[in-house]
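Below is one structure, written out as C-alpha cells; the observations come after it.
The values are calculated or read from the model by the stated rules, or taken from the named source; none is laboratory data. What you see is a predicted model, and the numbers here were worked out from it, not measured in a lab. Virtual Cβ from ideal backbone geometry, glycine too; neighbours counted across all protein chains shown. To get the accessible areas, we keep the full protein, side chains included, count just its heavy atoms, and leave off ligands, DNA and RNA. Shrake-Rupley method; radii C 1.70, N 1.55, O 1.52, S 1.80 Å.
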Amino acid sequence: MAAVVKRLTNVKMPVFDAQAFLDSAGVARKVTEFRKKETIFSQGDSAKDVLYIQKGGVRLSVVNEAGKEAVVAILGPGDFFGEGCLAGKPIRIGTATAIAPTTALVIEKKEMIRVLHSEHAFSDRFITYMLSRNIRIEEDLIDQLFNSSEKRLARTLLLLARYGKEDKPQRLLPKIPQETLAEMLGTTRSRVNFFMNKFRKLGFIKYNGGLQIDPSLLSVVLHD
C-alpha cells in the first residue's frame, strides 16, 4: 500500500499551457473565423462569452443615442475582448467588427471563469493583459488632451503595429480606412489624410499590399 501511495505522489501532473489553451478548441470553447467587415457581435447583444484573437484584427465601436459612432479600440492577435460579461455586464456595450479575415477563440463565460480560478498561469496572463489595457486607456486620454493630431496619429499607427510589444511588431497592417483613424483620434478625415500623405513622403509609412509602418515614425511622437 505504501508503495502504491509513493508511486502516486511521484506522478507529475501535466503543466497547464496557457498559450496551447488559447490556440485550440476544446470544452466550452471554439475557434471561429470571421470575414473582413463581418460583425462579430453587436451593441445590445447578450454577453455570454469572451473572445481571444488568434489572427487578424477587430474594431470596437460604440453608437450613442443620436446615432454617432465612435471607434474605441483596434485590437490584434493576442488581445482579448468581450470580457465585460465577467464583470456582470448582461449585454454588449459596443460592436465588434473584423477589419481583416480574423480567427478568434470564443470562450464561454463559465469556462473562462473556471480557468481563471483554477489555472494560475492563465489568470496571471489575463490580469497582465487587462492591466496593460487599462494603462493604454489612460495613455490614450493623456494623448487626447495634450498632443496634436499629428502626434496622436503617429502614436496610434505605432500601437496598431504593436511596437514595444514583446512579440515581433507587425510592420504590415491591414488597410484601415482613414475615417476609422479619424474617429479614433477625434479629428477629421481631411486632417488624417494630410498627415498620412506627409508620413508617406517622409518615408515613415508605405502602401504595399497593406499599410507598412517604419520604426522611424517614432520620431514624430518624440519630437517636441
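Summary table below
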item	result
Per residue solvent-accessible surface (Å²) - the chain, probe of 1.4 Å	60
Dipole in debye (nearest 20) - the chain, about Cα centre, beta carbon charges: Lys, Arg +1; Asp, Glu -1	520
Top positive-direction residue, dipole computed over segment 87-198 with Cβ charges, set H120, Q144, S190	S190
Flagged links, alpha-carbon separation over 26 Å, of K55/K198; K68/K175; K68/K198; K109/K175; K36/K201	K55/K198; K68/K198; K109/K175; K36/K201
Neighbourhood net charge (13 Å Cβ-Cβ; Lys/Arg +1, Asp/Glu -1) for F122	-2
Cα-projected label distance for I135 with K30, points at 7 Å along beta-carbon direction, nm	3.7
Label point distance in nm, K110-E179, each placed 7 Å from Cα along Cα→Cβ	4.2
Probe 1.4 Å, all protein chains present, accessible-area order of L218, L211, largest first	L218, L211
Rounded percent of accessible protein surface that carbon and sulfur make up, the chain, 1.4 Å probe	57
Distance-filtered residues of segment 205-220 - backbone nitrogen under 15 Å, label point 7 angstrom along S148 Cα→Cβ	218-220
Exposure rank, largest accessible area first [K89, K151, K175, K110; 1.4 Å]	K110, K175, K89, K151
